[in-house]
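Here the structure comes first, spelled out in structure tokens, and everything after it is commentary.
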Amino acid sequence: MITVTAVDIIEYRAELASNANALQALDMLEDCEGNLEDAAIALAISAGQEPDCSDQWLMGLAKRWRARICQTPSRTTLTEAETIAEQVTLLTQVIDLPVSLITLLAIYLVKTGVDQFCAPLDETLG
């Protein structure tokens with residue numbers, strides 16, 4: 001379980017201030033006391049998806065998009081992004097999900113590390 005601190009949420013809010021959908025995700029994250037998994041499940045339900053409500057649902061969602069996220073141009077840009085706003089913008093270009101879920105996915109990638117997230121794919125292709 002990944003927990004996002006109140007300080008992190010404040011920083012993300014400042015970076016994403018112009019994106020209402022991203023702010024909605026941060027509101028949900030705050031309501032879930034920083035529990036990234038709980039916030040993702042709640043947002044998925046409100047977006048009409050049917051998450052299985054199991055632990056690691058967000059990780060499963062991320063894995064479904066791993067090939068697109070870890071492609072060389074996307075991965076390089078994600079790794080070099082300096083703000084969560086840059087990562088959200090990039091992910092909206094390669095992933096077909098609501099921005100609120102993409103925001104939480106971007107936070108997941110920040111907390112996990114893009115290279116660590118892509119390592120299983122590297123091993124498979126390598």
Selected residue (criterion: surrounded by the most Cβ atoms within 10 Å (Cβ to Cβ)) from residues of the range 19-48 that are polar (S, T, N, Q) and under 15 Å from ILE102 (Cβ atoms): ASN19
Selection status of VAL94, modelled with pLDDT of 90 or more, under 27 Å from VAL7 (Cα atoms) and either surrounded by fewer than 19 Cβ atoms within 10 Å (Cβ to Cβ) or out of contact with any strand residue (DSSP E or B) (no Cβ under 7 Å at 6 or more places or on another chain) (or both): no
Members of the range 18-62 that are modelled with pLDDT under 95 and not hydrophobic (A, V, I, L, M, F, W, C): GLU37, ASP38, SER46, GLY48, GLN49, GLU50, PRO51, ASP52, SER54, ASP55, GLN56, GLY60
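The values are calculated or read from the model by the stated rules, or taken from the named source; none is laboratory data. Not measured: the values here are computed from a predicted model. Cβ coordinates were reconstructed from backbone atoms using ideal geometry, including for glycine residues, and neighbour counts include every protein chain displayed.
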